[in-house]
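**Student:** Dropping the structure in here first, questions after.
No lab work stands behind these numbers, since they all come straight from the coordinates. Keep in mind that this is a model prediction, so the values were computed, not measured. Positions of Cβ are backbone-derived with ideal geometry, glycine not excepted, and every protein chain shown enters the neighbour counts.
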Amino acid sequence: MYEIAIIGAGPAGASAALFTSKAGKKTILFDHDKSITKRAWIENHYGIMEIAGPDLVETGKKQAQKFGTELVDAAVTDIERQGDTFVIRTESQSYEAQHIILATGLLTDLAEKIGLKTKPGTEPRIKTIVETDQQGKTNVDNVWAAGTVAGVSVHTIITAGDGAKVAINLLSEINGERYVDHDVLK
Ligand SMILES: Cc1cc2nc3c(=O)[nH]c(=O)nc-3n(C[C@H](O)[C@H](O)[C@H](O)COP(=O)(O)OP(=O)(O)OC[C@H]3O[C@@H](n4cnc5c(N)ncnc54)[C@H](O)[C@@H]3O)c2cc1C
């Protein structure tokens with residue numbers, strides 16, 4: 001049983017996984033390698049002079065794995081609630097988790113299949129997004145959404161930041177107090 005399952009390992013999902021696994025929560029991250037970020041050349045991400053999108057995505061996955069995130073290279077085909085647990089299905093396997101963060105970028109097919117409320121996107125070329133509150137919660141209990149699929153501005157610094165924000169809000173809810181992750185310079 002995983003505490004947190006994250007669907008999508010672009011900037012939003014991998015950033016969320018980095019925070020949740022670094023906080024000690026058992027985290028699984030699914031991705032089927034269709035990140036729009038892999039088509040980008042990026043010169044506007046604070047702290048990085050320039051980087052190819054594929055390199056940013058790979059580094060993000062490695063950062064999450066460094067803190068214990070388990071990465072599964074597969075499409076999630078369905079998520080079903082069974083009591084307090086979600087069963088996450090790929091073509092070949094199923095996994096159980098208590099909390100879900102959807103970070104599926106442009107893709108809303110899974111969100112629609114599992115009954116998340118959607119609405120028209122407002123950002124350029126984003127047709128449909130998942131409805132969330134300010135915290136990142138969807139209409140389904142314990143299912144959160146982050147990044148492009150949650151309607152934030154389509155820039156890596158913002159989608160990565162939104163993944164971090166949603167992860168911190170989820171961690172705070174699980175822990176029952178506001179969470180902060182600060183390493184101090186030795
Ligand atoms: C050509 C181009 C140039 C760009 N240039 C810049 C730029 O210069 N600067 C900038 O800031 N931004 C740029 N961007 C935008 C940037 O890529 C996005 O804003 C942002 O990184 C998207 O992050 P995300 O995590 O929301 O989505 P994505 O990076 O698209 O990640 C979503 C992930 O979810 C996975 N996924 C979806 N559904 C499933 C499923 N059912 N099962 C498993 N995995 C699933 C996909 O495989 C994908 O890897 C550019 C985008 C494009 C297309």
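**Student:** Look through the range 37-52, keep the residues that are touching a residue at least 40 places away in the same chain (Cβ under 8 Å) and surrounded by 13 or more Cβ atoms within 10 Å (Cβ to Cβ), and return whichever of them is nearest to D141 (Cα to Cα).
**Tutor:** T37
**Student:** For the range 135-145, indicate whether the set of residues that are over 11 Å from the mean Cα position of the chain (by Cα), among the charged types (D, E, K, R) and more than 10 Å from the ligand (Cβ to nearest atom) is non-empty.
**Tutor:** Checked against the condition, which is being over 11 Å from the mean Cα position of the chain (by Cα), among the charged types (D, E, K, R) and more than 10 Å from the ligand (Cβ to nearest atom), the range 135-145 yields at least one hit.
**Student:** Hey, could you check the range 99-118 for residues that are in contact (Cβ under 8 Å) with a residue 24 or more places away in the chain, more than 10 Å from the ligand (Cβ to nearest atom) and assigned to a strand (DSSP E or B) and say which is farthest from A75 (Cα to Cα)?
**Tutor:** Taking the candidates together, the pick is H99.
Matching residues to (1) among the small types (G, A, S); (2) touching a Lys or Arg at 6+ places or on another chain (Cβ under 9 Å):
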residue	(1), (2)
A5	yes, no
S21	yes, yes
G68	yes, yes
A74	yes, no
R81	no, no
Y95	no, yes
K119	no, no
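**Student:** Do you know which residues across the range 68-118 are among the polar types (S, T, N, Q), surrounded by 12 or more Cβ atoms within 10 Å (Cβ to Cβ) and farther than 15 Å from I4 by Cα?
**Tutor:** T77, T90, T104, T108, T118
**Student:** Just for the range 119-134: of the residues that are of a type outside the set (K, R), within 15 Å of the ligand (Cβ to nearest atom) and in a loop (DSSP other than H, G, I, E, B), which one is nearest to D78 (Cα to Cα)?
**Tutor:** T132
**Student:** Scan the strands (runs of 3 or more DSSP E) fully inside the range 1-98 and keep the ones with 2 or more residues being on the phi > 0 side of the Ramachandran plot, of a type in the set (F, W, Y) and within 10 Å of the ligand (Cβ to nearest atom).
**Tutor:** none
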